[in-house]
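Just below is one structure, and these are the notes that go with it.
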Amino acid sequence: MTEITITSYIILGTALFMLLNSAAVAVYAERRIAGRIQNRVGPNRVGPFGLLQPIADVLKLILKEDVTPHNSYKLIHTIAPIIPVVTALMTVAVIPFGEGIYATDINAGVLYLLAVASLGVYGVTLAGWASNSKYSLLGGLRAAAQMISYELPLGMAVASVVLFVGSLSVVDVAVAQENWWFVFLNPVGAIIFIIAAFAESNRTPFDLVEAEQELVGGFHTEYSSMKFGMFFLAEYMHVVINSMLMTTFFFGSYHLPFAGYWLPEMGTAAKAILDITVFTGKTAFFVFLFIWVRWTIPRFKFNQVMKLGWSRLLPLSIINFIVIAGILFFFFNG
Amino acid sequence: MHDIIAFLPGVIIAVVGLIALLMEAYKKSADQIYGLTIAGILAALGVAIAALFGDSGTAFTGMIVYGGVASFGAVVILLGSLFSVVVSRDYLMEIDLHRGDVYSMILLSIVGMLALASANDLISFFLGLETMSICLYVIAGLIKDKKTGAEAALKYFLLGAFATGFLLYGIALIYGATGHTNLTEIAAVAEPTLMFMGGSALLLVGIFFKIGAVPFHMWTPDVYQGTPTTLTAFMATAAKSATFVAFVLIMSRMLPESDTDIWTNVIQVVAILTMVVGNLIALAQDNVKRMLAYSSIAHAGYLLVGLAAGTPEGFTGVLYYLFAYTVMNVGAFSVIAYYERNKGLDFTEIESYAGLGFKFPLMGVLLSIFLFSLVGIPPFVGFVGKYYVFAAAINAGLIPLAIIGVLASAASAYYYLRVMVYLFFKDSHKEYSLKPASLLFSSAVVLMAALTLYYGIEPVLPFSGLIELISSYYSL
Amino acid sequence: METYAFVLLAVLAIATALGMILNKNTVNSALLLVLNLVSIAGVYLLLQAQFLALIQILVYAGAIMVLFLFVIMLLNVDEEESLFDKFRIKYLVAFLLGVVIFGQILYSLGGVTDMLPEVSSEMVQIGTVEAIAEVFYTDYLFAFEMTAILLTAAVVGALLIAQYKVKDSGETE
């Protein structure tokens, strides 16, 4: 573990601040893009181009009455919305945003990401259970099943990346992609990772958790006011985080394509600005992808989701892992 | 020797087991998987028999031993498994369990047994034991449309998990006292401190549970009764042999000279309890399967007599007895399975055996051979086994123990012979028609009977070799 | 700094463990157990055993306890009745056994005076993924592979037990 310096705190603080705001931006983007896709305008009244819409949303949520259902488990009902927000925020600690720009570099960073992601499921599950409502419970159980199922292919896809890097440090993962992004070396892994990431963040086409036709609002049926706002926030933060992870693991992190071959030496400041711009640009693209998919692809049935996860993606990801391991061992040994 | 070759029987069985799982997943017929299972066990058996005459040593950085005792254990386990699997086909077909996944479960549990019977480290001992036990829990619960099946699985699982807790705690204490998990390294530094003795005691509790010694025997009858009969044979022979071989390895390798006495004192008491209680309760049983379950408790007691001797001679006797017990017990269970197959699962009450001996004389005669051997009447292998075990006890100065053993086995004659009385000397009240047994089944049972007879007279033959072979492992 | 963190985590671990046992609501108990596991993972982190800490969270808190919660919620377990309604001799025995084990732990801890050992560079080395992987694939290879077989057997066995329905009720599989 590297020493924790003042710089680490500054980077961490900035990253957390940006992440919280990016959720608001993502909400705005979602509504505008959804409007575009559906041939309508979308929010455009609050501020120029409706840019202040998220603030208005938050204001509205705060002012609403906070209803806790009768006979619910009040403590857990209150704690549940905080969990996904916290886990999303925790993720930022190990992601490198540029050369040398990271809060901390831990020796098992990849595992840290997986471990934190695996805790996120508690929020949804507990929210579903504590609400004392059958819709919420079903939504929560679905969420738990889905997130546990897709953690496995996700983990295997990440493991196949780790094979190339030879280290579990996220910083090393980023550095290793200077010449070749892993999406070129490991396309199957990338596809599996993207699909699993969609399922992990409970977004369409895997948003069974809150399928309106069946479950009203799913796990957050009984939530209102800022508690609902927390879930809302967490969902968009997970979208942003998962976009960051896709960028980090498969799309070169802060590197331009094949940057090692052609990018000239640059000063530290210029490089930092370039790196952060590249990283942010890629993340923004994947956030757009999330939104794009949501408004164009219909939802699966639950059994299809499970079947896809367990009997398609999981074997595929294991085979992919073994093939890559074999190739690396026999052809690039050492 | 390469490490994989040192554990080749286990590797073969593991690979075959996984292939069987895949074949089941791709819906191959059960007969194909059955054939594969038998071929795999035969191959592993061949390798193990070859290893009997090879050199011995440790492999996998001291985690396991190979050759010698371990190979003999592997042979006994594989022999028991082979016979149980061969006779299983017809029986399992009758109860709709002739399925690939059942056989792959059996194979995986054999892997555990082989690891257990070659453990030279408390870690591999525990892992082998758990692999074996978990598969056996499943096998015990295979019959689901009867309450006895569910009872067997649940009882076995809960009590087994509890015993595993003791075992692990014991291992943890031993590790705490010595700083090692490797048996020989423990022996080098172990001192009879409180912590080490406490660990040993808990370890013994775990082992006693797995071999069904009194007072940890409560699960045995229910589990044996609820399990499909041919798989009960598997459980009673292969699993018990594996645990006993591991017990022998632990006693002969882990204990420093000074501690052996304390262990043998404990084992003596347990042996007496086991023999007496097992035989006494068996006397009162009217259900043949339950009777055999209690008798298997009693047999565990005889085996413990050999261990209580704590001498190389005693260990030799135990190993020989395991071989004898495996052959005759699988045989007895097979014939019971054959009768059951004809009349449904509840056909194990002793009354229903009235007059069956003459219906299909071959099976009646074979069952009698196995039962005589279980009693320990010459010239059957059971007698030879008992002779070696008790002789070892007497030479070690445990004369009262040997006397109790002989008395107990004399009492056992009552309930074994009672079955024969029903078979041949009682008239049946109903007319049964027995389906003829398949050729494979009959030949397997005949082969077991032949082994029972051959090894019963082998010691007096000029070229007797088995006992010399086993004792040679200890003369090094 | 590290001592304060340790005291905090240790108190949290003990408090959640006690809370888990004493709580009558099964879901609360499960959640307290999760907290307990996480705080123990924190203690591992203080000892620089990063891999162990992360695996603890990933496997126990992230997977096993979710499964527990799942089962509790599906079965809708009622609040359990108090264990100590009436005095029975076995509670006394259980209590005494607990005291013995507690004493054993205290005894083995008796010699330790420092709260936290000085984390040497050697200890840091042992906690890394590389060091753990190395012993896994050399010294403990056999145990590692046996564990693989054990887990396979357990998974297949669980399916085998759960998969086929009882035929008496006439339902199809």
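Computed from the coordinates by the stated procedures, all read-outs in this text should not be read as laboratory data. Quantities reported herein were computed from a predicted structural model and do not represent experimental measurements. Every residue, glycine as well, gets a Cβ built from its backbone with ideal geometry; the counts of neighbours run over all protein chains shown.
Restricting the stretch B:17-94 to trypsin sites (Lys or Arg not before Pro) that sit in a DSSP loop and have at most 12 other Cβ atoms within 10 Å of their own Cβ leaves B:K27. With the Kirkwood sum run over all distinct C-alpha pairs, the stretch B:3-472 has a hydrodynamic radius of 21.9 Å.
With bins 10 Å wide beginning at 0, the percent of Cα pairs of the stretch A:255-300 falling in each bin runs 23, 36, 20, 14, 6. The local environment of B:I186, defined by Cβ-Cβ distances under 12 Å, has a net charge of -3 under the rule Lys, Arg +1 and Asp, Glu -1.
Hydrodynamic estimate: the Kirkwood radius of the stretch B:143-201 over Cα pairs, inserted into Stokes-Einstein at 10 °C and 1.306 mPa s, corresponds to D of 120 µm²/s. Counting Cβ atoms of other protein chains within 10 Å of each residue's Cβ and taking the mean over peptide C:60-66 gives 5. What's log10 of I(q)/I(0) for the stretch A:176-297 at q = 0.11, 0.21 Å⁻¹, Debye sum over Cα points only, no solvent? With no solvent term, the Cα-only Debye profile gives -0.48, -1.16. One way to sum up the overall shape of the stretch B:292-419 is the equivalent ellipsoid from its Cα gyration tensor, whose semi-axes run 31, 13, 12 Å, largest first. Under 5 Å between amide hydrogens, built in the peptide plane, is the criterion, and for B:I64 it picks out B:A59, B:N120 among residues at least 5 positions away or on other chains. Amide H to amide H distances under 5 Å link B:N182 with B:L122, where only residues 5 or more positions off or on other chains count and H is placed in the peptide plane.
For the Cα atoms of chain A, what angle does the longest principal axis make with the long axis of helix A:82-91, in degrees from 0 to 90, nearest 10? So the inclination is approximately 10 degrees. Greater than 28 Å separation of Cα atoms is the criterion. Which listed pairs, B:K147/B:K210; A:K60/A:K301; B:K27/B:K240; A:K134/A:K227; A:K64/A:K134, meet it? Flagged as over cut-off: A:K60/A:K301; B:K27/B:K240.
The distance between label points at C:A5 and B:D55 comes to 5.2 nm (points 7 Å beyond Cα on the Cα→Cβ vector). Computed across the stretch B:393-464, the Kirkwood radius stands at 16.5 Å (inverse of mean 1/r, all Cα pairs). Taking Cα atoms only, the orientation of helix B:8-25 departs from the longest principal axis of chain B by about 50 degrees. For the stretch A:1-75, the spherically averaged projection of the C-alpha convex hull amounts to 9.9 nm².
Exposed loop chymotrypsin sites (Phe, Trp or Tyr not before Pro) only (DSSP loop, at most 16 other Cβ atoms within 10 Å): please give the longest stretch of chain A free of them, not including the sites.
On the way: sites that count: A:F258, A:W295, A:F332.
Free of exposed loop sites, the longest segment is A:1-257.
Each residue, C:I72 and B:Y454, gets one label point 7 Å from its Cα in the Cβ direction; the gap between the two is 6.0 nm.
The long axis of helix A:53-63 is offset from the longest Cα principal axis of chain A by roughly 50 degrees. Provide the net charge surrounding B:V11, with neighbours chosen by a C-beta distance below 11 Å and charges set as Lys +1, Arg +1, Asp -1, Glu -1. After counting each charged neighbour, the total is -2.
Would you kindly state the longest site-free stretch of chain A, with sites defined as GluC sites (Glu not before Pro) in a DSSP loop (not H, G, I, E, B) surrounded by at most 10 other Cβ atoms within 10 Å? Longest run free of exposed loop sites: A:66-264. For the stretch A:103-160, the Kirkwood radius over C-alpha pairs fed into Stokes-Einstein at 20 °C and 1.002 mPa s yields D = 170 µm² per second.
Each other residue within a Cβ distance under 14 Å of A:V124 adds +1 if Lys or Arg and -1 if Asp or Glu, for a net charge of -3.
The label-point distance for A:A269 and B:A201, in a model that sets each label 7 Å from Cα toward Cβ, rounds to 7.5 nm.
A Stokes-Einstein calculation at 4 °C with viscosity 1.567 mPa s, built on the Kirkwood radius of chain A over Cα pairs, returns a diffusion coefficient of 62 µm²/s. Pairwise Cα separations in the stretch B:52-98 fall into 5 Å bins from 0 onward with the following percentages, short to long: 5, 19, 16, 15, 12, 10, 9, 10, 5, 0.
Mean residue ellipticity at 222 nm, helices only, the protein assembly as shown: -23500 deg cm²/dmol; runs of at least 4 DSSP H residues each add -39,500 (n - 2.57), and the sum is divided by the number of residues.
What is the mean number of Cβ atoms from other protein chains located within 10 Å of the Cβ atom of each residue in peptide A:160-170, rounded to a whole number?
Numbers: counts 0, 0, 1, 0, 0, 0, 1, 2, 7, 1, 0.
Counting Cβ atoms of other protein chains within 10 Å of each residue's Cβ and averaging gives 1.
For the protein assembly as shown, the convex hull drawn through the C-alpha positions has a volume of 201 cubic angstrom per residue. A Förster distance of 60 Å, applied to the separation of the beta-carbon atoms of A:V293 and B:K147, puts the FRET efficiency at 0.70.
How big is the convex hull of the Cα atoms of the stretch A:53-174, per residue, in Å³? Present the calculation step by step, with values, prior to reporting the outcome.
On the way: hull volume 16.7 nm³, N = 122.
Per residue, the Cα convex hull of the stretch A:53-174 comes to 137 Å³.
Note the full-extension length gain between A:L328 and A:I276 as 0.36 nm times their separation in residues minus their Cα-Cα distance, in nm to one decimal. List each step's numbers first, then the result.
Numbers: separation 52, 0.36 × 52 = 18.72 nm, distance 3.14 nm.
Between A:L328 and A:I276, full extension yields 15.6 nm more.
Across the stretch A:142-198, counting alpha-carbon atoms alone, Rg and Dmax equal 12.4, 41 Å.
Loop sites here are chymotrypsin sites (Phe, Trp or Tyr not before Pro) outside DSSP states H, G, I, E and B with no more than 12 other Cβ atoms within 10 Å. The longest part of chain B free of them is B:54-462. Restricting the calculation to alpha carbons of the stretch B:167-274 gives Rg and Dmax of 15.1, 45 angstrom.
Only Cα pairs under 8 Å and 6+ residues apart enter the sum, and on that basis the relative contact order of the stretch A:25-83 stands at 19 percent.
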